[in-house]
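Right, one structure below, let's go through it.
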Amino acid sequence: MKQTNGQEIIQLFESWSPKKIAAKDGDPIGLAIGTLNKSVSKVLVTLDVNEDVVDEAIKNGCELIIAHHPPIFSKLANVRTDLPKGKLIEKCIKNDIAVYAAHTNLDVAEGGVNDLLAEALQLKNCEVLVPTFSEKMYKLAVFVPEDHADELRQALAGAGAGQIGDYDSCSYTISGQGRFRALNGAQPYTGEIGKLHTEAEVKIEVVVAEMNKNKVLRAMLNHHPYEEPAYDLYALETPAKEMGLGRIGTVDAMTLKEFAEHVKKSLNVPKVRAVGDLNSKVSKIAVLGGDGNKYIYAAKRAGADVFVTGDMYFHVAQDAESIGLHIVDPGHHVESVMKEGVALKMATLCTENKIECAFIASKLSTEPFQFI
């Protein structure tokens, strides 16, 4: 395992949850406070950044905080250390703690906030609720000697190639013969300078998502024995991979009251707000972390019986009731499910890349409301 720095940690994070998939223009994502140009051995993962969370990072010896909610949502006219926001920034800087925010890109990412919520609710057959990003797909075809085919296939899969729906490591292989002549100055893996050589080769074909394209090409070049690998990379006309906000899936049929109790237990909240007939049977569920007021009609069009989301406004709740859409509002803070999920995902990515770094899920609750 090797030591790492903030830049490398965030590069790994953005290989999973890149900025380009953010669902809102101007979303204040990325480095918010401090610098990534430093050694990092411990990272605190949190929903929000407040002074108590910064103290938690200091206590645990963390050099970096990864947060879902940006600590700076709008431009600051000044940084006054006698006011809460300035005091927070000052404490981070004095203790050399960088803060990185991943907001709607983490909502959209596969395995991000909305997938974690859907998983906690035990939804089955999940799909994206509101598509916001369509990713271009490519086909990589590479020719390699037979005795290196397995190694190359594994390297390509490890870099993210060959992912089709719920399957990974997908590839197709054709056997044949490759011919080439090494010229002066070449250092051929096989064959002799100036002589036409025939080699038993295979052609490996894999699909590659645009976000993984550069990583896959690097893996191919690093694990290919030839100094000049022969390969083709071309865009596909097949439907691009869709990503987006929210998820919609199914549960076994139950009443709205029973489902509301299921939400409370699954998301560990003491109370929820519900809209609709509590005795109605429900089975198709839409979920969207955070404030989902704008998406009641999307949930209804998708056929949802219930829309699970936070911060529901009074009049929007009435509108949902009028179109026959049930609502269960467990609050905004249920997005805290991302703390354990992101910590686990990043620890796995670091292990796969032989990087030594610990990820700690914040133990603090940043829920401002008390339920009496």
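The values are calculated or read from the model by the stated rules, or taken from the named source; none is laboratory data. Everything quoted here is computed from the prediction, not taken from an experiment. For neighbour counting, all protein chains shown are included, and Cβ atoms are generated from backbone atoms with ideal geometry for every residue, glycine included. Heavy atoms of the whole protein, side chains included, go into the accessibility calculation; ligands, DNA and RNA do not. Shrake-Rupley method; radii C 1.70, N 1.55, O 1.52, S 1.80 Å.
Probe radius 1.4 Å, ligands and nucleic acids ignored: give me the carbon and sulfur share of the accessible area of the range 55-185 as a rounded percent.
Details: 3320 of 6950 Å².
Carbon plus sulfur share of accessible area: 48 percent.
Tell me, rounded to the nearest percent, the portion of alpha carbon pairs in the chain spaced more than 31 Å apart.
Counting every Cα pair in the chain, those more than 31 Å apart make up 48 percent.
Would you mind checking the radius of gyration and Dmax of the range 19-61 based on alpha-carbon positions, in Å?
Cα only, the range 19-61: 12.9, 35 Å (Rg, Dmax).
Suppose R0 equals 51 Å; then what is the FRET efficiency for Ser39 and Asn279 from their Cβ-Cβ distance, rounded to the nearest 0.05? Intermediate values should be presented prior to the final figure.
Numbers: r = 59 Å, r/R0 = 1.15.
So, using R0 = 51 Å, E works out to roughly 0.30.
From the helices alone, meaning DSSP H stretches of at least four residues, give me the mean residue ellipticity at 222 nm for the chain, per-run term -39500 (n - 2.57), in deg cm²/dmol to the nearest 500.
Roughly -8500 deg cm²/dmol at 222 nm, from the helical runs in the chain.
How tilted is helix 149-158 with respect to the longest principal axis of the chain? Cα atoms for both, answer in degrees (0 to 90, nearest 10).
Between the helix axis and the principal axis of the chain, the angle is about 20 degrees.
Can you put Tyr297, Tyr138 in order of accessible area, largest first, using a 1.4 Å probe? Don't skip to the end; give the middle numbers.
Numbers: Tyr297 110, Tyr138 25 Å².
My answer, sorted largest first, is Tyr297, Tyr138.
Helix 337-352 sits at what angle to the longest principal axis of the chain, using alpha carbons and giving 0 to 90 degrees rounded to 10?
10
Starting from the Cα of Lys75, draw a straight line to each of the aspartates and glutamates and keep only those under 19 Å, dropping any in the same chain fewer than 8 residues away.
Excluding near neighbours in sequence, the set is Asp25, Asp27, Asp48, Glu90.
Given Cα pairs under 8 Å that are at least 6 residues apart, what percent is the relative contact order of the range 223-372?
Once normalised by length, the contact order is 20 percent.
Put +1 on the Cβ of every Lys and Arg and -1 on every Asp and Glu Cβ in the chain; which of Pro71, Cys357, Thr198 then has its Cα farthest towards the positive end of the dipole?
Pro71
In whole Å, how far is the Cα centre of the range 81-140 from that of the range 276-341?
After rounding, the separation between the Cα centres reads 20 Å.
So how compact is the range 54-206: Cα radius of gyration and Dmax in angstrom?
25.8, 77
What accessible area per residue, rounded to a whole number of Å², is obtained for the range 298-372 using a probe radius of 1.4 Å? The partial results should precede the final answer.
Details: 3890 Å² over 75 residues.
About 52 Å² of surface per residue is accessible.
Past 18 Å, Cα to Cα: identify those pairs from Lys59/Lys345; Lys38/Lys94; Lys94/Lys345, in the order given.
As for pairs spanning more than 18 Å Cα to Cα, those are Lys59/Lys345; Lys94/Lys345.
Mind checking the per residue accessible area of the range 213-284 for me, 1.4 Å probe, whole number of Å²?
Ligands and nucleic acids excluded, the figure is 59 Å² per residue.
Just report the Cα centroid separation between the range 43-73 and the range 12-40, whole Å.
Value for the Cα centre distance between the two parts: 14 Å.
Show me the ranking of peptides 23-31, 101-109 by mean Cβ neighbours inside 10 Å, starting with the highest. Intermediate values should be presented prior to the final figure.
Values: 23-31: 14.2, 101-109: 25.3.
Descending packing order for the listed peptides: 101-109, 23-31.
Give the cross-link partners of Lys20 among the aspartates and glutamates, using a straight C-alpha distance below 15 Å as the criterion and excluding same-chain residues fewer than 8 apart.
Here the aspartates and glutamates satisfying the reach criterion relative to Lys20 are Asp107, Glu110, Glu135, Glu210, Glu242.
Could you work out the relative contact order of the range 34-135? I mean the mean sequence separation of Cα pairs under 8 Å and 6+ apart, divided by the number of residues, in percent. Don't jump to the answer; show the numbers that get you there.
Values: 110 pairs, mean separation 25.8, N = 102.
So the answer I get is 25 percent.
If you place +1 on the Cβ of every Lys and Arg, -1 on the Cβ of every Asp and Glu, and leave all else neutral, what size is the dipole of the range 247-319 about its Cα centre, to the nearest 20 Debye? It would help to have the intermediate numbers written out before the result.
On the way: 11 positive and 8 negative charges, 18 e Å.
Its charge dipole is roughly 80 debye.
Among Ser171, Val128, Pro270, flag the residue with its Cα farthest along the positive direction of the charge dipole of the chain, charges on Cβ as +1 for Lys/Arg and -1 for Asp/Glu.
Of the listed residues, the answer is Pro270.
Which angle from 0 to 90°, rounded to the nearest 10, does the C-alpha axis of helix 6-16 make with the longest principal axis of the chain?
For 6-16 against the chain, the angle is about 90 degrees.
With the contact rule set at Cα under 8 Å and sequence spacing of 6 or more, what percent relative contact order holds for the chain?
21
Mind checking the per residue accessible area of the range 19-71 for me, 1.4 Å probe, whole number of Å²?
On the way: 2120 Å² over 53 residues.
Each residue of the range 19-71 exposes 40 Å² on average to a 1.4 Å probe.
Among 248-255, 219-226, what's the highest-first ranking by average C-beta atoms within 10 angstrom per residue?
Peptide ranking by packing, descending: 219-226, 248-255.
Hey, got the dipole for the chain? About the Cα centre, +1 on K and R Cβ, -1 on D and E Cβ, debye to the nearest 20? Write down the numbers at each step before the final one.
Numbers: 40 positive and 50 negative charges, 116 e Å.
Using only the charged Cβ atoms, the result is roughly 560 debye.
A 22 angstrom limit on the alpha carbon distance is what I want to check against. Which of Lys19/Lys241; Lys300/Lys339; Lys264/Lys363; Lys19/Lys213 exceed it?
Distance filter (> 22 Å) returns Lys300/Lys339.
Applying the Karplus parametrisation 6.51 cos²θ - 1.76 cosθ + 1.60 with θ = phi - 60° to the phi angles of the range 68-83, what ³J(HN,Hα) value in whole Hz is obtained for each residue in order, glycine and proline being reported as x?
Result, ordered by residue: 7, 8, x, x, 10, 7, 9, 4, 8, 6, 7, 10, 9, 6, 8, 10 Hz.
Give, rounded to the nearest 20 debye, the magnitude of the charge dipole that the range 291-362 has about its Cα centre when Lys and Arg contribute +1 at Cβ and Asp and Glu contribute -1 at Cβ.
It comes to approximately 220 debye.
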